[in-house]
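Enquirer: Below you will find the structure I want to go over with you.
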Amino acid sequence: MVRMNGQIGAALAVSTVIFALRPDLESGFSTLWLPLVRRTREPYLDQWALPGGGLPTDEELAGAAARTLRETTGLTPKYLEQLYTFGDPGRSPGGRVVSVVYWALVESDEAALAVVDKNVQWFSADHLPPLAFDHNRIVEYALWRLRTKVEYSRIAHAFLGETFTLAQLREVHEAVLQKALDPANFRRTIESSGTVVDTGQRVAGVPHRPPRLYRYNDSVHAVDSGALEPAIG
């Protein structure tokens, strides 16, 4: 806690929500997953929580988010974006804590490098256990933001490589939105938007008309002014 004018002020912390696409264990379709860490001290001893920690006085917010993420999960996402600040007075037992929450979107190959042990596990984002503090609410808000943004910004790019097929891009949209999309309508919408560019290349090693490879059109300004920022740290 911080003492200001003789009174105890709120402590500052950072937390990070990391989304990755993974096959659902039952359906086999891609769904959103995120890593959680088991708390090793009170409050909420042994409960799952988002990666994070207190904010040192000499560290920038994004740097602290990147550091705590790296220390707990081993992940170093290419992109990190500030999501929201949560500061309800009763969100933390024993004193007020204001948490600045970041979020990151990672490719499946990158997510596979994360630490997994008894204290770090991946969970389906839509089927979480009761989490410590208000972290269920934080994840719900992050999911709402992601599902709102994916239809009008290039945020889906963070789940893909530099080049991708339209089928892969559609799979990302379907996983995020939790609904099937008509392939023909999706293709028309994406191609008419001008947000992707045909690279002139096709997927190698695939018989019978291999699909075209696309990339994002960097000259098109994203509608969303809160586009992902480069990670720090």
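The values are calculated or read from the model by the stated rules, or taken from the named source; none is laboratory data. Since the model is a prediction, treat every value here as computed from it, not as a measurement. Note that we place each Cβ from the backbone using ideal geometry, even for glycine, and neighbour counts take in every protein chain shown.
Enquirer: Got a number for residues in the range 85-119 being touching a residue at least 60 places away in the same chain (Cβ under 8 Å), of a type in the set (Phe, Trp, Tyr) and within 14 Å of Ala13 (Cβ to Cβ)?
Expert: Residues that pass the stated criteria total 1.
Enquirer: Can you pull out the residues in the range 179-223 that are among the polar types (S, T, N, Q), in contact with a Lys or Arg (Cβ under 7 Å, 6 or more places away or on another chain) and either closer than 23 Å to Arg145 by Cβ or in a helix (DSSP H, G or I) (or both)? Walk me through how you get there before you give the answer.
Expert: Narrowing the range 179-223 to residues among the polar types (S, T, N, Q): 185, 189, 192-193, 195, 199, 201, 217, 219.
Add one more test, that the residue is in contact with a Lys or Arg (Cβ under 7 Å, 6 or more places away or on another chain), and what stays is 195, 199.
Once the filter is applied, which keeps residues that are among the polar types (S, T, N, Q), in contact with a Lys or Arg (Cβ under 7 Å, 6 or more places away or on another chain) and either closer than 23 Å to Arg145 by Cβ or in a helix (DSSP H, G or I) (or both), the range 179-223 yields only Thr195.
Enquirer: Can you pull out the residues in the range 153-178 that are in contact with a strand residue (DSSP E or B) (Cβ under 7 Å, 6 or more places away or on another chain) and in a loop (DSSP other than H, G, I, E, B)?
Expert: Glu162, Thr163, Thr165
Enquirer: May I ask you to verify whether Thr76 is among the β-branched types (Val, Ile, Thr), over 21 Å from Arg137 (Cα atoms) and either more than 18 Å from the chain's Cα centre (by Cα) or buried (at least 21 other Cβ atoms within 10 Å of the Cβ) (or both)? Steps first, please.
Expert: Values: among the β-branched types (Val, Ile, Thr): yes; over 21 Å from Arg137 (Cα atoms): yes; either more than 18 Å from the chain's Cα centre (by Cα) or buried (at least 21 other Cβ atoms within 10 Å of the Cβ) (or both): no.
When the stated conditions are applied, Thr76 does not pass them.
Enquirer: Output the number of residues of the range 164-176 satisfying the condition of being more than 27 Å from Val37 (Cβ to Cβ), touching a residue at least 12 places away in the same chain (Cβ under 8 Å) and surrounded by 15 or more Cβ atoms within 10 Å (Cβ to Cβ).
Expert: 8
Enquirer: With the condition being touching a Phe, Trp or Tyr at 6+ places or on another chain (Cβ under 6 Å), I'd like the strands (runs of 3 or more DSSP E) fully within the range 21-116 carrying at least 2 qualifying residues. Spell out the reasoning first.
Expert: Numbers: elements: 30-38, 52-54, 79-86, 97-106.
In the range 21-116, the matching strands (runs of 3 or more DSSP E) lie at 30-38, 79-86, 97-106.
Enquirer: Separate question: In the range 94-117, what residues are over 16 Å from the mean Cα position of the chain (by Cα) and at pLDDT 90 or above? Steps first, answer last, please.
Expert: Of the range 94-117, the ones over 16 Å from the mean Cα position of the chain (by Cα) are 94-99, 115-117.
Selection gives Arg96, Val97, Val98, Ser99, Val115, Val116, Asp117.
Enquirer: Same structure, new question: Which condition number in (1) over 23 Å from the mean Cα position of the chain (by Cα); (2) at pLDDT 90 or above is the one that Ala64 fails?
Expert: (1)
Enquirer: Continuing with the same structure: Look at the range 199-219 and say how many of its residues are under 28 Å from the mean Cα position of the chain (by Cα) and loosely packed, with under 12 Cβ neighbours inside 10 Å.
Expert: Total meeting the criteria: 2.
Enquirer: Please enumerate the residues belonging to the range 120-152 that are touching a residue at least 60 places away in the same chain (Cβ under 8 Å), within 15 Å of the chain's Cα centre (by Cα), buried (at least 17 other Cβ atoms within 10 Å of the Cβ) and not in a helix (DSSP H, G or I).
Expert: Result: Ala125, single match.
Enquirer: Mind checking which residues of the range 22-46 are under 21 Å from the mean Cα position of the chain (by Cα) and modelled with pLDDT of 95 or more?
Expert: Passing the criteria: Leu32, Trp33, Leu34, Pro35, Leu36, Val37, Arg38, Arg39.
Enquirer: Any residue at all in the range 87-99 that is closer than 30 Å to Glu162 by Cα and crowded, with 20+ Cβ neighbours inside 10 Å? Explain how you work it out, then say what you get.
Expert: Of the residues in the range 87-99, the ones closer than 30 Å to Glu162 by Cα are none.
For the range 87-99, residues closer than 30 Å to Glu162 by Cα and crowded, with 20+ Cβ neighbours inside 10 Å: absent.
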